[in-house]
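Undergrad: The structure under discussion is supplied below as structure tokens; questions concerning it will follow.
A short reminder: the numbers here are calculations on the coordinates, not readings from a lab. Small disclaimer: the values here were computed from a predicted structure and weren't measured. When we count neighbours, we look across all protein chains shown, and the Cβ atoms used for this are built from the backbone with ideal geometry, even at glycine.
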Amino acid sequence: MKTYTHTDLEFIEETIAQCEICFASVVDENGLPYAVPMNFGYREGVFYLHSAPEGRVIRALEANNHICLTFNMGQELAFQHPRVACSYRMKAKSIVAEGQVTFVEDMKEKRLALDYIMAQYSNKQFEYSDPAVRNVKIWRIKPDNMVCKEFGAPHDAYKK
């Protein structure tokens with residue numbers, strides 16, 4: 001079994017489409033690492049997340065808007081020999097995306113971002129009341145760097 005690094009955007013976006021949550025990692029106001037599992041949306045190279053308008057992660061982002069998003073999917077335990085511990089491997093795909101958060105304030109843009117988030121989980125159309133939209137913090141992240149790794153793939157999985 002082998003680990004492959006994928007930089008092909010099409011492969012990365014197909015993997016993102018299969019993920020259900022991401023972990024948003026920041027450094028809080030005390031210099032401590034802090035990671036939060038979150039729902040997300042993705043459209044045309046941009047991630048959208050939503051949260052309460054205040055709290056530890058918002059304070060952290062207001063002080064330092066750098067963020068690392070991680071995604072993981074398809075976990076499956078695999079092995080080459082059932083009695084050899086070193087032959088065990090978790091088959092999975094993961095993505096690490098680094099960038100900076102900007103907060104979306106425009107009501108129309110916030111609704112659009114909420115549509116992108118909901119599209120990750122449903123193909124239904126939704127409506128959002130003005131008070132609900134005003135009371136949600138929308139995060140926009142255009143990654144500076146994004147890499148996908150595939151763990152536990154067959155050695156010849158990507159032969160050309």
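Undergrad: Please work out the C-alpha center-to-center distance from region 76-133 to region 1-45 and express it in whole Å.
TA: For region 76-133 versus region 1-45, the Cα centre distance is 7 Å.
Undergrad: Okay, next question. Out of the DSSP beta bridges found with both residues in the chain, what percent are antiparallel (nearest 5)? Please list the in-between numbers first.
TA: Details: 44 of 44 bridges.
Once the DSSP bridges in the chain are tallied, antiparallel ones form about 100 percent.
Undergrad: Starting from the Cα of D144, step 7 Å along the direction of its Cβ; do the same at Q100; then give the gap between the two resulting points in nm.
TA: My value for the distance between the label points is 0.8 nm.
Undergrad: Say we join alpha carbon atoms closer than 10 Å with springs in a Gaussian network model of the chain; which of P143, P33, P82 then has the biggest fluctuation?
TA: Largest GNM mean-square fluctuation: P82.
Undergrad: Please tell me the relative contact order of the chain in percent, rounded to the nearest whole number, where contacts are Cα pairs under 8 Å and at least six residues apart.
TA: Numbers: 299 pairs, mean separation 53.4, N = 160.
Normalised by residue count, the contact order of the chain is 33 percent.
Undergrad: Going out from 0 in 5 Å bins, what whole percent of all Cα-Cα distances in region 2-152 drops into each bin?
TA: The calculated distribution, bin by bin, is 2, 9, 17, 19, 17, 14, 10, 6, 4, 2, 1, 0.
Undergrad: Pairs on different chains or at least eight residues apart, Cα atoms closer than 17 Å: how many lysine pairs in the chain fit?
TA: 11
Undergrad: Pulled fully out, how much extra length does the chain show between E20 and M90, if you take 0.36 nm times their separation in residues and subtract their Cα-Cα distance? Working shown, then result.
TA: On the way: separation 70, 0.36 × 70 = 25.20 nm, distance 1.86 nm.
Gain on stretching E20 to M90: 23.3 nm.
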